Amino acid sequence: MNIFIYFSLLILEVLILFAICVYGIGLLFSALKEAPYVPTSRKKLQEILDVIKPKNNCLFFELGSGDGRLLRYVVTKYGVRGVGIEVNPLLVWLSRTLAKRSKLKNITFLRQNIFSTDLSEANYIYIFLMPELIVKLLPKFKDELKKGTVIISHGFKIVSWEKKLWKTLPASTFSTYYYKI
Ligand SMILES: C[S@@+](CC[C@H](N)C(=O)[O-])C[C@H]1O[C@@H](n2cnc3c(N)ncnc32)[C@H](O)[C@@H]1O
């Protein structure tokens, strides 16, 4: 094997190991914060967002934005202003890097706890969070959300919000629930 191929393979291996470490540390961080990182399936993004077809220039929040895939998609496809809130610094870094690579404007990722985020201007809120966390968010939703705000909860129903539920997108793994204030 010539020396060039040898070093190329070596660099590739180091990069793959680095990516695995970054991802692993990210998972560990989220798990330690009682906030497991499980991304929304890329195959489902279009279907989930087509139900609401968010309007151009609306303010779209994702609470616990993970690697930012949904927010990048919704900003690109529907022209909304996107704000992602994520507690895990590695995921925030990854989201910002990918958004920059795609030259996206109107998208912001904040390293922040969702409980410290002002939601009063939100038109849409997307969550894929554990049910216990959703329950803790409800008083904040009640205090801050304006009339007409749409909440999309992927994976878990918002208990006690049956009257606000207007659509369910069933799925074999994670269904999606749509609520309106
Ligand atoms: C199940 S993942 C979903 C990720 C992304 N929303 C998606 O659908 O691909 C939940 C995310 O919420 C984040 N998270 C959990 N609790 C949080 C909190 N209190 N503040 C900010 N982010 C939080 C986790 O770090 C994790 O990335």
GNM top mover of 36, 139, 131 - the chain, alpha-carbon springs below 10 Å:
139
Which one of 155, 68, 82 has the biggest mean-square fluctuation once the chain is modelled by GNM with Cα springs under 10 Å?
155
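Determine how many Å³ per residue the convex hull of the Cα atoms of the chain encloses.
Per residue, the Cα convex hull of the chain comes to 132 Å³.
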Looking at the chain only, what percent of DSSP beta bridges run antiparallel? Nearest 5 please.
35 percent
Value in Å of the Kirkwood radius, where the range 85-181 supplies the Cα pairs that are averaged
14.7 Å
In Hz, Karplus ³J(HN,Hα) per residue of the range 3-11 (6.51, -1.76, 1.60; θ = phi - 60°; x = Gly, Pro)
4, 5, 5, 4, 5, 4, 5, 4, 5
Would you pull out the residues with amide H under 5 Å of residue 61's amide H, same chain only if 5 or more places away, H placed 1.01 Å from N?
83, 123, 124, 125, 126
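Every number in this text was worked out from the coordinates using simple rules, so none of it is lab data. Keep in mind it's a predicted model, so treat the numbers as computed, not measured.
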